[in-house]
1. Does C:M140 fit the bill of being farther than 27 Å from C:L73 by Cβ and modelled with pLDDT of 80 or more?
2. Run down C:I43, C:I89, C:I54 and say which single residue is modelled with pLDDT under 85 and not charged (D, E, K, R).
3. With the condition kept exactly as written, say whether any residue in the stretch C:105-124 is farther than 18 Å from C:D13 by Cβ, of a type in the set (D, E) and without any contact (Cβ under 8 Å) to a residue 40 or more places away in the chain.
4. Exactly one of (1) under 17 Å from the mean Cα position of the chain (by Cα); (2) more than 19 Å from C:I127 (Cα to Cα); (3) among the small types (G, A, S) is unmet by A:G45. Its number?
5. Can you tell me which of (1) in a helix (DSSP H, G or I); (2) over 24 Å from B:A126 (Cβ atoms) is the one C:I8 doesn't meet?
6. Can you pull out the residues in the stretch A:50-96 that are closer than 24 Å to A:T114 by Cα and small (G, A, S)?
7. Going by the conditions given, is B:S2 modelled with pLDDT under 85 and surrounded by fewer than 21 Cβ atoms within 10 Å (Cβ to Cβ)?
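The values are calculated or read from the model by the stated rules, or taken from the named source; none is laboratory data. These numbers were taken from a predicted model, which means no experiment stands behind them. When we count neighbours, we look across all protein chains shown, and the Cβ atoms used for this are built from the backbone with ideal geometry, even at glycine.
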Amino acid sequence: MSATAISIPLWADLSAVALGSLQGALFASTFRDRRIDLLGVAIVGTAAGLGGGILRDVLLGVIPRALESNWYLLVAVLASLLGMLLQRIFSRLAALITVLDALTLGVYGAIGATKALAFGLPEIPAIFVGVVAAVGGSVMRDVLMNLTIAMMHVGSLYAVAAGAGTIVLVAMVAVGTPTLAAGIVGTVVTVVIRLLAVRFGWTLPEQRALSRLPRWRRPR
Amino acid sequence: MSATAISIPLWADLSAVALGSLQGALFASTFRDRRIDLLGVAIVGTAAGLGGGILRDVLLGVIPRALESNWYLLVAVLASLLGMLLQRIFSRLAALITVLDALTLGVYGAIGATKALAFGLPEIPAIFVGVVAAVGGSVMRDVLMNLTIAMMHVGSLYAVAAGAGTIVLVAMVAVGTPTLAAGIVGTVVTVVIRLLAVRFGWTLPEQRALSRLPRWRRPR
Amino acid sequence: MSATAISIPLWADLSAVALGSLQGALFASTFRDRRIDLLGVAIVGTAAGLGGGILRDVLLGVIPRALESNWYLLVAVLASLLGMLLQRIFSRLAALITVLDALTLGVYGAIGATKALAFGLPEIPAIFVGVVAAVGGSVMRDVLMNLTIAMMHVGSLYAVAAGAGTIVLVAMVAVGTPTLAAGIVGTVVTVVIRLLAVRFGWTLPEQRALSRLPRWRRPR
């Protein structure tokens, strides 16, 4: 199986970074009791926006793409500060931001998975790299904020949506679909699952042992 | 000094990954109050099983071995889910799991140290890489669970056992022992120290300043 | 723009590592309630002393310099143990240690930024790598100790000082200043800002939304 990485226009990549950083900063801003300063918000926001892509490239053994141009860090820091300063405005746009965030999740997963395939990785590791690229920013945000990782908790299928989209993408590439088409379908799958999960409150079951499940009893 | 990395059969490597993931999932399952969902257990288990090897290869600047085959992630995720579902059964096998875990600790330390030597690293960094490979999974587990790192606390010589085994291994290679023989001896040293520490409750002293130690007093 | 990395003498590099590890161990020793053992202090100290340089080299895609010689790990571990054993003595030298630490912050930032420039990275990523190299050790310390990252809190301009110094350095290199001269000026800028911040208690404002700022009211 071979594949070429999806190369998306710089403005689209930067838009995704900006959105990720904006959300990271909005999130950090809600923890007023921790006395996080301006710099702290910028750090958390930047990590949220760039973390996924940096982890992806470290796993692939290359210099992170975010370090090969001045734009990424500049956009991430500015978006973080903007998110902090205008948090009241953005908190009214929650619905729009959820949609754009789902889109970012899908696009990052698709870029990560196709980049991994282009590096010659097998299918399952490519899915893994895609998911890490999609959710790595939010994991890094939570580690820096000293919170348990949000997506591990009973929530709204954040990582599941990313995983489903990249699985579809990798399967389509495996049967010969052009990378770009597979990437678009994969992104759509992620966006749809994520938005339906938010809308209808879908969650995964909490972890529990099999022996705790209800059992059939023989009628006496 | 030159050395070749120990190449162990894939089934043995995957068995170690499965055991690490199983234990990571069992561990995560004990924190019911945190409402970790199915995915969270799979993430923690996978990190516990693959984290050490991934950190080792990131330090060595190569694509992690776990990403070069479909098997590693598949085994890690399945072992995690199995660990969660069958936690009652596995909790009765605690003694067996402790033994297998000590073996995994030793084998991972030996693979990590010999791989580092094969990459041309000097002795002390090779020991460091071996220890990181051996304990990295449990550190990653604790960071993701937002716990202080278990092995830093007064405990049962987990990292010490790994360190002692890799020190013996590297010393033996330095005086000309074939890598495989040194690896086996190093693994045995780790396993023995770890099991004796568990059995007899050996711990390191708590950190304290010299000035807190009891002093000799002159008889008056 | 081209640049050569500043190559500083090994003894200077090791002195910086020793100081970082010493401080990391002193810091870890203050948390008696966590029952951290000898090994835990050594781990935290080593991470504090070597973390910045390791993160820098991982981002640049090369084997960490600290792993290419036996000295770095040896010095880091010994300094950690020394810091723990002699914490009462060192706590009386707080002023001296603050000065040396500011120097270390500046030197690490300068080494990191010039190394990034030598690898062909653009200006802003080079600043980023310099700051990561300067503060990475303290971030790693806090993650391992399960604390929120100290420098994100209202504090004494730790990362700001590192950022200002590397910005000056990169700007000077961009207009043609020799790397070594730019590195010295950048280091001095970092040291001066850091020491003035400690002396006069300078802090960044806490994060807050624009709409929370006082507004002008029309006189009625």
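1. Spelling it out, it is not the case that C:M140 is farther than 27 Å from C:L73 by Cβ and modelled with pLDDT of 80 or more.
2. Just one listed residue meets the conditions, C:I89.
3. no
4. (2) is the only condition that A:G45 fails.
5. It fails just one condition, (1).
6. Answer for the stretch A:50-96, where residues must be closer than 24 Å to A:T114 by Cα and small (G, A, S): A:G51, A:G52, A:G53, A:G61, A:A66, A:S69, A:A76.
7. When the stated conditions are applied, B:S2 passes them.
Here's the yes/no breakdown for (1) within 7 Å of another protein chain (Cβ to nearest Cβ); (2) among the small types (G, A, S):
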{"position": "C:V58", "(1), (2)": "yes, no"}
{"position": "C:A76", "(1), (2)": "no, yes"}
{"position": "C:K115", "(1), (2)": "no, no"}
{"position": "C:E123", "(1), (2)": "yes, no"}
{"position": "C:V143", "(1), (2)": "yes, no"}
{"position": "C:L147", "(1), (2)": "yes, no"}
